[in-house]
Structure formats: C-alpha cells, structure tokens
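A short worksheet on the structure shown next.
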Amino acid sequence: MGWREAMSSWPVVRQLRGADRLGRGAAAQSRRYLELTPRTQAADKVVKSICPFCAVGCGQQVYVADGVITQIEGDPDSPVSRGRLCPKGSASKQLVTGPGREYRIKYRRPHGTDWEELDLDTAMDMIADRIIASREKSWEWELDGKRTRRAMGLASLGGATLDNEENYLMKKLYTALGAIQIENQARI
C-alpha cells in the first residue's frame, strides 16, 4: 500500500473527501470497526436476571453462548432501571467469569495464616455446629420475669437480590432459631 492509499484511509481525509462532512458516520469507521460483531449476536439464549450489587435490583439481560456468559446488559423491560446499569452492574460479568473467582470452599482457621480447602459436607457441618452452639450459649428463656424465648447471639442480614420467597424462608428459619435481629439490606 502506497502513501497515497494510506493517507486516503485516514478518518480526517475520508471526512473531507466524502459525503460525511461532520464525521459522524462512515468517515469515523475504521476497517477494524467494520470487522467487529457484537458479543450479543452469537448468543444462544438471553436470560433475564437482577444485578446483585445493591438494593435497587436493576434488571439485566445475560447473553449466553455454548453455556458461557458472553455479555451482560441492562434490561429495557425492567421498570426499575429501564435498560440502564451503573458501572458496577455493567461489570457484573466478571463476577462469574473473572480469574479471581473461587469455585472451592476456603477456610482459614482462627489465628491461621493460610487458607485450606474444605468439602461442602464438612463446611455445612461446621456452620450447623456453630449455629447450634451460638443458640445454646445465648438462649434466654425469660428476662425480668417475662418470657422471651430468644437467642441474642444470632442475627441475619439478608442480601439485596433475594426474592420474596427466599426472604420468607430466611425469616422463618431465623425466627425458628430464636433470632430477633432479622434485617435485609434493601431496608438499610
């Protein structure tokens, strides 16, 4: 390619010589731009979701190709966000595809310096044992002669992306355990 051909491919030259005098269309498009295709175009399916970052609950469209998330965009059908996402919501694809995501259960013992991997059954047993111990240690049958039947050592703070059914089940679980400090991030 000669220098004249190279210069004629510059956007400014294309803008001055072509019909796109304002440089808003073809004059601003490079060869590379013309070769690009949207990440959403190759998607096999689009799954509706909700952004997990805050209590707003913006709607998302998750584009999936061959079982892999290729893009996450705002859902224009969402009455909450009307197709818009904040920078955190726009970057939420990294929650599932980022190299720093852990797929194993990690545990660091008290006063320990290293993480160790645990299997799911061991981790669940540890959680259950600690909940039972906290409940037994902090249980109050009564206070000042009045029946309380509560566990002051247990509390729950639900996440912003839990739906009504999940919140209902969490409320029932923690109430059954005797907890009275039950809150949700969406109200804070």
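Here, each number is a calculation from the coordinates, and none is a lab measurement. Because the structure is predicted, anything quoted here is derived from the model rather than measured. Note: ideal-geometry Cβ built from the backbone for every residue, glycine included; neighbour counts use all protein chains shown.
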- prompt: Can you name the residue in segment 24-76 that is polar (S, T, N, Q) and in a strand (DSSP E or B) and, of all such residues, is farthest from the chain's Cα centre (by Cα)?
  reply: Thr70
task: Please go through segment 134-172 and pick out each residue that is without any contact (Cβ under 8 Å) to a residue 40 or more places away in the chain, of a type in the set (A, V, I, L, M, F, W, C) and either within 17 Å of Phe53 (Cα to Cα) or touching a strand residue (DSSP E or B) at 6+ places or on another chain (Cβ under 8 Å) (or both).
output: Trp139, Trp141, Ala151, Met152, Leu154, Ala155, Leu157, Leu162, Met170
- prompt: For Pro79, are the conditions met, namely being closer than 26 Å to Asn164 by Cα and surrounded by fewer than 15 Cβ atoms within 10 Å (Cβ to Cβ)?
  reply: yes
- request: Within segment 122-144, count every residue that is of a type in the set (Phe, Trp, Tyr) and surrounded by fewer than 10 Cβ atoms within 10 Å (Cβ to Cβ).
  value: 1
